[in-house]
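Written out below as structure tokens is the structure these notes cover.
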Amino acid sequence: MNQKSPNDDEQHKELVNRYEKALEENKTVYLDPYEVVDIATSYVLNNDYKKACKILEYGYQLHPNNILLLLEHAYVYLDLGNIQAAKQTLDNIADHSIIDVILLKGEILLNEGKLNDTEKLFNEIDPKISLSLDVLSNIVEIYLNLGYADFAISWLKKAEGKYAGNTKFLELLADSCFQSHDYAEKAIGYYNELIDIDPYNPEYWCGLAKTYSMLDQNDKALEATEFALASDNEYGKAYWLKGNALNDLENIEEAVEAYKLAMKYKGMDPLKCYAHIGNVYNIGHEYEKAIDALHNALELADELKKDDDILYDIYNNLSMSFCGLKYFEEANEISKISCLSYPNNPFVYIIDARVKAMQGLVEEAKKSCEKAFDIFFAAETYIQAGDIFLEYKYIEIAQEYYEKAMELEPYINKIYHRLAALAVINKDANKYYEYYKKANDNFPIDDIIKFLKEVNTEFNDEFNEFIKQLNDIKNSESNNSSL
């Protein structure tokens, strides 16, 4: 968690340019610690961690052992996932009683998964300090950034009476409740309170929109984005959320237009946006449009020299697009590139298996699955492999993989759902009922039939006789238990 975000103004740009020009000319330029941190944070926001570390090291030459620089460097290491380096940087700070140092220590502990130690550390802070709005905000954001929304909420509850009606406090409550999911309805209430205070704030309308989307209330989500755009018609984030709502409402073309406006108004990184558009078109079976979008994403990735996991998604979607058009030569080539680029990722081989299964190359598909199993020997890998063979109606192979998943992790309900689905296909009511009883969530037969139709529309949907057999078994068992 970086401590501040630089203002994107001319003065800030001049500061960065002055520093970079001095580097080019091999000259020394004086920067105070705040300016060093400002430049470092700018680089972090652009994902250029190498430059961020370089400016901080330059800052140490000007200001040895400066606490502000050490704190920022530790946060950069946390962003990079280098917890050990962050801890070593923390050890270089002499005074551990400073509140910013305590907060850093808490974030490091939480990154290590030491939740109880983090709570103990924060609870030892004088409540006059820990419940001041600035410090409380930092504690809440630490928990939120690492996925502990319920703990964020518990801290906010300690000060609920103290900050009633305070917009910053309401924002924290709304965001925490949204991230908790269990408190989504409360998040809606808090966003509405904020809107009552400032009805022309597009961020509040966007908060309301994303909460409605999470609750699958897409019409309301769409309406909220329209209010956000009425307040600011160049608010990129609102276009992104509008696109999501339209996509969920299966209005693909309007969704894509909204996504493009999100790019135009900097509501979403263009690379991620094109990748997402490609995925949306794929789901809608508009494969040629998907290929165009994904090629745009690849060009951007090449320009930006990106080699992270987004390429994995692009390759996977592109191979599926080519398969959708039955351009199997191109699909095989892209899938091969993906496997060579990410040899330790099991799911590239699962995608490769799908490409092969679509072509009827069953043995080659199974070989790709075996590579995935070698890398990640877990139920989820076998479930995904089984799903592929179920989709293309290789029922015996799907059965084999689901049963292996059941052996590995017999407590996962979705395994029994899938085995029950195979029993439906095979019209085996006894087997279906066996798996129904093994699962713990009492899934209805209608859900299984819906699942099968979503997997492959060619599955026979004349299940009336099967359902009659199933009801006979249930009635027989009920009668026997009452004797």
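At-a-glance table
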{"quantity": "Rg/Rh for region 367-415, where both radii come from Cα atoms and Rh is the Kirkwood radius", "calculated": "0.94"}
{"quantity": "Acute angle (nearest 10 degrees) that the helix 309-324 long axis makes with the longest principal axis of the chain, alpha-carbon atoms", "calculated": "30"}
{"quantity": "Percentage of interatomic Cα-Cα distances in region 219-263 larger than 12 Å", "calculated": "51"}
{"quantity": "Whether region 247-294 is rounded, prolate or oblate, judged on the alpha carbon gyration tensor where a/c under 1.5 counts as rounded", "calculated": "oblate"}
{"quantity": "Part-to-part distance (alpha-carbon centres) for region 37-115 and region 236-312, which is given in Å", "calculated": "34"}
{"quantity": "Charge dipole (debye, nearest 20) of region 310-463; +1 at Cβ of Lys and Arg, -1 at Cβ of Asp and Glu", "calculated": "60"}
{"quantity": "In degrees, nearest ten, helix 167-180 long axis to first principal axis of the chain (Cα)", "calculated": "30"}
{"quantity": "q = 0.07, 0.08, 0.09, 0.10 Å⁻¹: log10 I(q)/I(0) that the Debye formula gives for the chain, counting C-alpha atoms only", "calculated": "-0.53, -0.69, -0.87, -1.05"}
{"quantity": "Region 175-314: C-alpha pair distances exceeding 21 Å, %", "calculated": "46"}
{"quantity": "Region 73-117: C-alpha gyration tensor shape, a/c 1.5 cut-off, then a/b vs b/c", "calculated": "oblate"}
{"quantity": "Rel. contact order, % - alpha carbon contacts under 8 angstrom, at least six apart, the chain", "calculated": "5"}
{"quantity": "Region 275-335, Cα convex hull volume normalised per residue, Å³", "calculated": "64"}
{"quantity": "Value of relative contact order over region 89-212, rounded to a whole percent, pairs C-alpha under 8 Å and six or more apart", "calculated": "15"}
{"quantity": "Shape call, region 122-180: gyration tensor on alpha carbons, a/c limit 1.5", "calculated": "oblate"}
{"quantity": "Percent carbon-and-sulfur accessible area, the chain, ignoring ligands, DNA and RNA, probe 1.4 Å", "calculated": "47"}
{"quantity": "Reciprocal of mean inverse Cα separation for region 131-248 (Kirkwood radius, Å)", "calculated": "14.4"}
{"quantity": "Contact order relative to length of region 299-354, as percent, for alpha carbon pairs under 8 angstrom and 6 or more apart", "calculated": "29"}
{"quantity": "Cα-based Kirkwood hydrodynamic radius, region 251-387, one decimal, Å", "calculated": "15.4"}
{"quantity": "Rounded to 10°, Cα long-axis angle of helix 33-45 versus longest principal axis of the chain", "calculated": "20"}
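The values are calculated or read from the model by the stated rules, or taken from the named source; none is laboratory data. This structure is a prediction, so every number in the text was calculated from the model and none was measured. Cβ sites come from the backbone with ideal geometry, for glycine too, and all protein chains shown count toward neighbours. With ligands, DNA and RNA removed, areas are computed over all heavy atoms of the protein, side chains included. Shrake-Rupley method; radii C 1.70, N 1.55, O 1.52, S 1.80 Å.
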